[in-house]
Amino acid sequence: MKLSRKTRLLLQLHKIVFIVLLLIAVGMLGWLSNKHSYQFDWTSNKRNTLSQSSIDLLHTLEQPVQVTVYVQDDETVHAAIKEILQRYQREKDDFKFRLINPDIDFESAQQDGIERYGQIIIKYNNNKEAIASLNEQAISSALLRLSRSSNRRVVFLKGHGERRIADDDNTSYSKLVTELKAKGFNPETHNLLLSTLPADTAVLVLASPDRELLEGEIDHIKTYINDGGNLLWMMDPGEMQGTDELASLLGIRFHPGMIVDNNTNLRNTLRIQHPAMVPVLDYVAHPVTEDIQYNTLFPISRGIEHVDKQFNGSAIALSLAQSWSETSAVNEEIVFEPDNGDIEGPIGIVVALERSIDKLNDPNTTTQRVIISGDSDFLANNYIGVGANLSLGMNIFNWLAGDDVLIAIEPRNATDTQLQLDDTEILLISIGYFIVLPAGLILAGVVIWLRRRNR
């Protein structure tokens with residue numbers, strides 16, 4: 001059939017209009033995909049999307065979130081990291097993240113205190129927290145802690161030679177205080193001779209006094225404990241300085257002498273020169289220690305024993321089996337002498353206690369938490385950066401302040417979709433695929449061929 005010129009022009013015009021409309025449609029789809037992101041999770045248990053708990057948390061965050069992951073340049077690793085963080089970004093527009101190679105941008109790494117690959121820094125509302133695992137529970141739990149607006153007052157007692165919190169010398173706690181402020185705590189000092197403890201004290205810290213506390217001061221601390229207050233008590237080897245009543249109230253006993261470890265091979269490996277520099281390599285399962293991945297070091301420590309069970313708890317950091325509590329003078333040549341009162345290791349260095357308590361004028365039962373350490377040096381300026389000392393210290397304060405609460409996120413692994421078939425079912429499927437289906441296709445082809453032939 002011969003087409004007229006007019007018809008040919010109309011057909012050409014139709015083609016042009018179709019192409020233009022197609023290009024417009026493609027452009028609109030591109031623009032919409034850039035402005036709006038949609039993702040559909042077709043997995044049976046929705047394992048590729050955030051839990052509702054995390055989504056609800058993100059919707060409560062009013063300030064921007066910045067996540068920095070320090071990782072080497074590896075496209076596969078980067079893709080996996082982005083896939084996780086983009087789930088948060090889709091729910092919160094101002095959730096930003098960046099991947100930094102600490103070997104290249106060492107200035108940023110130094111500012112964030114990065115020591116190894118894989119560390120993650122989360123910043124929110126002028127606070128920051130480092131996490132070790134890049135998963136939903138770790139990220140959301142850190143955001144929950146950083147978002148808490150309640151006043152977390154940490155009170156350091158003073159007036160008896162306790163550790164100073166503002167000085168920069170090796171024995172003070174200025175680095176610890178800096179970290180506490182970055183985590184949203186409000187550290188301050190307090191003298192019990194001037195006034196009682198503030199009513200909103202979240203954690204009371206007694207950091208190894210070297211002069212005796214007065215009876216009235218002990219009474220104040222006992223009242224605080226009996227009322228359900230949370231306490232961090234660090235006591236170096238030596239005199240008890242009038243704190244025996246506190247030990248009795250908490251149901252603990254301090255060992256005499258100091259802990260030593262005579263494993264020379266280990267000391268050489270860790271470059272520890274003195275036997276009283278005690279390493280902790282393994283930890284008892286507890287919220288304070290669950291994410292500690294490195295060794296901690298306790299210089300000049302004493303043993304602690306939980307003897308009265310009015311509090312629940314136990315030692316969470318212990319010396320090694322080769323250690324003991326030395327009651328004689330400690331020098332390079334030490335010998336275990338049980339007849340002289342030496343106590344065989346492993347020995348508890350850090351004890352965690354807790355109990356349920358009914359506070360006055362409060363219908364709800366609350367949990368009281370106490371940490372006792374036989375060493376105060378591990379958080380001092382010259383040791384807080386050793387191994388996992390800082391991580392352990394931050395975990396202690398988070399736990400004492402009740403900020404160890406994790407968002408309940410159940411692991412959502414791929415469900416088992418294995419198909420179990422018996423011999424009969426396998427036979428029927430085989431017949432269908434290898435006989436029925438090919439025969440049907442051949443038959444359809446023959447029918448079509450015959451119909452076309454008879455036209």
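Some notes on this structure:
- Only one of R253, R267, R302 that is over 24 Å from the mean Cα position of the chain (by Cα) and assigned to a strand (DSSP E or B): R253
- For the criterion of being part of a strand (DSSP E or B), in contact (Cβ under 8 Å) with a residue 60 or more places away in the chain and β-branched (V, I, T), V288 fails.
- Residue count, the stretch 226-238 (criterion: surrounded by fewer than 19 Cβ atoms within 10 Å (Cβ to Cβ) and not acidic (D, E)): 3
- Members of the stretch 271-283 found to be buried (at least 16 other Cβ atoms within 10 Å of the Cβ) and either in a strand (DSSP E or B) or among the hydrophobic types (A, V, I, L, M, F, W, C) (or both), listed by number: I272, A276, M277, V278, P279, V280, Y283
For (1) out of contact with any Lys or Arg (no Cβ under 6 Å at 6 or more places or on another chain); (2) surrounded by 13 or more Cβ atoms within 10 Å (Cβ to Cβ); (3) at pLDDT 85 or above; (4) of a type in the set (G, A, S), each residue gets a yes or a no:
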position	(1), (2), (3), (4)
K309	yes, no, no, no
G313	yes, yes, yes, yes
A317	yes, yes, yes, yes
E326	yes, yes, yes, no
V330	yes, yes, no, no
F336	yes, yes, no, no
G341	yes, yes, no, yes
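- Looking across the stretch 298-325, the residues that are farther than 16 Å from M235 by Cα, of a type in the set (S, T, N, Q) and either without any contact (Cβ under 8 Å) to a residue 60 or more places away in the chain or touching a Pro at 6+ places or on another chain (Cβ under 8 Å) (or both) come down to Q310, N312, S314, S319, S323.
- Hits in the stretch 327-360 (condition: part of a strand (DSSP E or B) and over 26 Å from Y294 (Cβ atoms)): I343, E344, R355, S356, I357, D358
- Tally, over the stretch 190-219, of residues that are over 28 Å from the mean Cα position of the chain (by Cα) and surrounded by fewer than 18 Cβ atoms within 10 Å (Cβ to Cβ): 14
- For the stretch 213-245, a tally of residues being acidic (D, E), farther than 19 Å from G374 by Cβ and assigned to a loop (DSSP other than H, G, I, E, B) returns 1.
- Any hit, the stretch 256-279, residues being closer than 20 Å to M394 by Cβ and assigned by TED's automatic domain parsing to the domain that holds I372: yes
- Of the residues F156, F185, the single one that is surrounded by 14 or more Cβ atoms within 10 Å (Cβ to Cβ), modelled with pLDDT under 90 and of a type in the set (A, V, I, L, M, F, W, C) is F185.
Yes/no per residue for (1) charged (D, E, K, R); (2) in contact with a Cys (Cβ under 8 Å, 6 or more places away or on another chain); (3) assigned to a loop (DSSP other than H, G, I, E, B):
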{"site": "G161", "(1), (2), (3)": "no, no, yes"}
{"site": "R164", "(1), (2), (3)": "yes, no, yes"}
{"site": "D168", "(1), (2), (3)": "yes, no, yes"}
{"site": "V177", "(1), (2), (3)": "no, no, no"}
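Every residue, every condition in (1) at positive phi; (2) in contact with a Lys or Arg (Cβ under 7 Å, 6 or more places away or on another chain), yes or no:
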residue	(1), (2)
G159	yes, no
L180	no, no
T196	no, no
V205	no, no
S208	yes, yes
I225	no, no
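The values are calculated or read from the model by the stated rules, or taken from the named source; none is laboratory data. Keep in mind that this is a model prediction, so the values were computed, not measured. We place every Cβ from the backbone using ideal geometry, glycine too, and count neighbours over all the protein chains shown.
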